[in-house]
Amino acid sequence: NDLASMMDVSVNDVISACMSLGLFVSINQRLDAETISIVAEEFGFETEFVDSEDQESVEEEEDKPEDLVERYPIVTVMGHVDHGKTSLLDYVRKANVIAGEAGGITQHIGAYNVELDSGKKITFLDTPGHEAFTAMRARGAQVTDIAIIVIATDDNVMPQTKEAINHAQAAGVPIVFALNKVDRPAANPDKIREELSQMNILVEEWGGKFQAQEISAKTGQGVEDLLEKVLLEAELLEVKANPNKNGVGTVIESELDKGRGYVSTLLVQSGTVRMGDVVLAGPHYGKVKAMFNERGQKITEAGPSMPFSLLGLSGAPNAGDKFRVMDDEKEAKNIATKRLQLQREQGVRTKKHITLDEIGRRIAIGDFQELNVIIKGDVDGSIEALSDSLLKLSTDQIQVNVIHKSVGQISESDVMLAAASDAIIVGFQVRPSVNARKVAEREEIDIRLYSIIYAAIDEIKAAMEGMLAAKI
Ligand code: GDP
């Protein structure tokens with residue numbers, strides 16, 4: 001009965017679902033965790049078991065406006081291969097060794113923090129590319145405040161540039177464009193502005209809302225200005241956090257170091273982590289034994305937007321796992337143990353993503369308002385035609401969004417975007433790559449392949465009207 005009302009379906013439906021699993025249950029019977037998961041999944045729900053002590057209440061708790069202070073923006077660098085992402089990250093890392101500070105950024109810990117001449121700071125995630133960005137998002141972590149998209153001005157807006165733009169926009173992350181390699185004789189930044197405008201992206205100089213800065217990641221020309229623009233964007237966003245509470249954030253990476261044990265890089269998103277704190281990170285926990293910044297220096301605390309590497313956890317949490325400081329070590333241990341148990345019981349839990357077959361049912365129970373679609377096709381013309389027709393399928397109850405469309409095979413990156421945005425993938429006259437197929441299976445992403453446009457439209461329309469299930 002409780003489960004039925006939580007899902008807003010009739011008790012009889014839940015009972016029949018149990019019966020189809022070979023369980024004959026009564027209305028007041030308590031179900032075990034596994035049965036609840038399976039039954040809920042039947043109705044399109046993902047189950048999360050919240051222990052009474054395991055509520056993410058620390059995060060949920062609204063901070064009072066007066067407790068919020070500005071924090072540094074957290075930035076990811078994306079763009080087409082060879083357009084200069086790594087060079088930009090390297091330049092920023094080297095150029096911003098704060099005067100008087102011993103040593104530069106020597107350690108790769110997955111993120112670093114730099115200070116500009118103005119005294120303001122920015123945190124960079126040190127793994128360039130939208131793949132890393134979207135993989136984290138698919139794990140439920142959104143860490144990035146602002147994306148820098150690098151475009152080489154002696155080249156063109158390339159497929160991966162478009163992908164990066166779409167991935168950032170699907171995440172609702174503002175973009176600052178770095179028009180790179182302006183030191184090269186063949187550089188033509190206006191050509192890039194023009195190509196962007198054809199994608200409906202107007203840069204500020206041309207009266208649009210997107211900030212763009214000409215730079216050379218090689219000579220450093222314009223880089224400081226680029227970072228100032230990032231800070232401006234951050235001001236508009238009002239990136240703030242409350243430093244005066246238990247630290248909460250996301251795991252950036254972890255490894256097992258032979259000499260030191262488990263080493264994880266954590267990025268604090270709000271609150272503060274201190275030496276001696278008990279940290280719960282995914283299914284692992286531990287007392288903070290040592291903390292280091294990206295310069296390899298020992299630190300004793302880390303506040304909002306600060307990345308640090310941590311010694312002391314009982315294992316290696318995954319990139320994208322949430323962490324939080326706990327008041328009570330025993331409680332942390334209990335929750336970690338339960339999470340490990342759950343993981344073992346259920347295998348690696350993947351989020352249940354939307355499938356075409358499920359759409360009708362979810363609309364019927366009022367649980368579904370937006371259908372996100374990624375379209376890949378063999379030629380531009382058919383992609384546009386398909387995209388236009390699908391957008392027109394939107395109704396009062398359900399809005400169709402095409403979050404990414406491009407020419408080419410269905411790639412792993414398309415599948416990760418689908419996982420992060422809960423989208424289905426429609427392929428027109430194209431197929432998924434071997435890797436894309438594997439990831440789609442793991443992440444349970446629905447890929448539909450068509451060779452006739454109206455067949456695609458008909459099937460999606462039928463799904464939205466709840467007819468598809470009836471046909472099977
Ligand atoms: P990524 O694949 O986007 O990370 O690109 P890289 O940073 O590896 O850069 C690709 C190539 O372009 C390298 O040979 C860089 O030295 C070169 N490069 C990057 N930025 C600039 C620039 O501003 N000017 C010039 N002349 N070369 C650059």
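The values are calculated or read from the model by the stated rules, or taken from the named source; none is laboratory data. Predicted, not measured: the structure shown is a model, and the values here were computed from it. All Cβ positions, even for glycine, are placed from backbone atoms using ideal geometry, and neighbour counts span all protein chains on display.
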(request) Mind listing whichever residues of region 205-235 are under 20 Å from residue 88 (Cβ atoms) and free of Cβ contacts under 8 Å to residues at least 60 places away in the same chain? (result) 210, 211, 212, 213, 216, 219, 221, 222, 225, 229, 232
(request) Output the number of the condition that residue 432 fails; it satisfies all remaining conditions of (1) more than 21 Å from residue 363 (Cα to Cα); (2) surrounded by fewer than 21 Cβ atoms within 10 Å (Cβ to Cβ); (3) free of Cβ contacts under 8 Å to residues at least 24 places away in the same chain. (result) (2)
(message) Give me the residue from region 175-198 that is in a loop (DSSP other than H, G, I, E, B) and out of contact with any helix residue (DSSP H, G or I) (no Cβ under 8 Å at 6 or more places or on another chain) and, out of that set, farthest from residue 78 (Cα to Cα).
(response) 185
(request) Identify, from the list 205, 131, the residue that is more than 16 Å from the ligand (Cβ to nearest atom) and either surrounded by fewer than 20 Cβ atoms within 10 Å (Cβ to Cβ) or within 22 Å of residue 267 (Cα to Cα) (or both). (result) 205
(message) As an exercise: evaluate residue 387 against (1) free of Cβ contacts under 8 Å to residues at least 60 places away in the same chain; (2) hydroxyl-bearing (Ser, Thr, Tyr); (3) surrounded by 15 or more Cβ atoms within 10 Å (Cβ to Cβ); (4) outside any helix (DSSP H, G or I) and give the number of the one condition it does not meet.
(response) (4)
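Every residue, every condition in (1) away from the ligand (no atom under 16 Å from the Cβ); (2) farther than 25 Å from residue 87 by Cα; (3) not in a loop (DSSP other than H, G, I, E, B), yes or no:
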position: 200; (1), (2), (3): yes, yes, no
position: 217; (1), (2), (3): no, no, no
position: 220; (1), (2), (3): no, no, no
position: 229; (1), (2), (3): yes, no, yes
(message) All but one of (1) within 16 Å of the ligand (Cβ to nearest atom); (2) crowded, with 23+ Cβ neighbours inside 10 Å; (3) modelled with pLDDT of 95 or more hold for residue 155; state the number of the condition that does not hold.
(response) (2)
(request) Hey, can you tell me all the residues within region 216-268 that are within 16 Å of residue 311 (Cα to Cα), surrounded by fewer than 20 Cβ atoms within 10 Å (Cβ to Cβ) and either touching a Ser or Thr at 6+ places or on another chain (Cβ under 6 Å) or not acidic (Asp, Glu) (or both)? (result) 256, 258, 259, 260, 261, 262
(request) Could you grab me the full set of residues in region 164-173 that are assigned to a helix (DSSP H, G or I) and within 18 Å of residue 203 (Cα to Cα)? (result) 164, 165, 166, 168, 169
(message) Which of the numbered conditions does residue 137 fail, given that it passes all the others? Conditions: (1) surrounded by 20 or more Cβ atoms within 10 Å (Cβ to Cβ); (2) of a type in the set (D, E, K, R); (3) within 16 Å of the ligand (Cβ to nearest atom); (4) modelled with pLDDT under 90.
(response) (3)
(message) Please verify whether residue 82 is modelled with pLDDT of 90 or more and within 16 Å of the ligand (Cβ to nearest atom), treating the condition exactly as stated.
(response) yes
(request) Take region 421-446 and flag every residue that is under 17 Å from residue 354 (Cβ atoms) and more than 20 Å from the chain's Cα centre (by Cα). (result) 426, 427
